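What follows is a single structure, written as structure tokens, with notes after it.
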Amino acid sequence: MPPLTIRFILMNAFSVGGTIRTTLTTAGELAARHDVEVVSLYRRRTDPALPIPPGVRLRSLTDLREETLERLGRRHGVGARVRLGLAGRRTRLMSTSDFRWPNFNLLTDVNLYRYLASVHDGVVIGTRPSVNLAVAHLTAPAVVRVGQDHMNL
């Protein structure tokens, strides 16, 4: 069997938590046989708090670090103003039932939508209910979609 491209989508892969740890552990094991990418919807720090396993690529869709937002605020271009404006508005994609709902914004929505629209093969694994719904609705039918729920018993 040829290697699969497997993509895990985490809310914030740069933090510490059980979901992040189990996702990175699983990704590391799969990377021995497959092409594996961990996608962080956003980042608020420069380096990941947990080590990224060998063979696993880490991608961040939205940079919400303070210095990045300040740099955007100093720019006068339309693109910078639009990104800053989107980052300041509440999400429309993630469910208000998700207790981390305030961590998302319109910029994370747009970036997740663009990322999922670019995926045409392999496997996409969501790691929380709000992300799972987005993956289910926005990912191409040819992609295998898996939803994990690390939040509820």
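The values are calculated or read from the model by the stated rules, or taken from the named source; none is laboratory data. Remember, it's a predicted structure, so these values are computed and weren't measured experimentally. All Cβ positions, even for glycine, are placed from backbone atoms using ideal geometry, and neighbour counts span all protein chains on display. Keep in mind that these areas ignore ligands, DNA and RNA; they rest on the heavy atoms of the full protein, side chains included. Shrake-Rupley method; radii C 1.70, N 1.55, O 1.52, S 1.80 Å.
Points to keep in mind about this one:
- Among the conditions (1) among the hydroxyl-bearing types (Ser, Thr, Tyr); (2) open to solvent by 50 Å² or more (accessible area, probe 1.4 Å); (3) more than 17 Å from the chain's Cα centre (by Cα), the only one that THR22 does not satisfy is (3).
- Every test in (1) under 17 Å from the mean Cα position of the chain (by Cα); (2) loosely packed, with under 12 Cβ neighbours inside 10 Å; (3) of a type outside the set (A, V, I, L, M); (4) under 17 Å from ARG7 (Cβ atoms) is passed by THR62 save one, and that test is (2).
- Entry remark, the stretch 125-153: residues being without any contact (Cβ under 8 Å) to a residue 40 or more places away in the chain and assigned to a helix (DSSP H, G or I) number 7 in total.
- Answer from GLY85, GLY122 - the residue that is over 23 Å from MET151 (Cβ atoms) and either surrounded by fewer than 15 Cβ atoms within 10 Å (Cβ to Cβ) or acidic (Asp, Glu) (or both): GLY85
- For the stretch 37-59, residues that are among the acidic types (Asp, Glu) and open to solvent by 40 Å² or more (accessible area, probe 1.4 Å) total 1.
- Selection over the stretch 96-119 of residues that are in a loop (DSSP other than H, G, I, E, B) and open to solvent by 40 Å² or more (accessible area, probe 1.4 Å) gives a count of 4.
- For ARG114: the one exception among (1) under 15 Å from the mean Cα position of the chain (by Cα); (2) closer than 18 Å to ILE6 by Cβ; (3) of a type in the set (D, E, K, R): (2)
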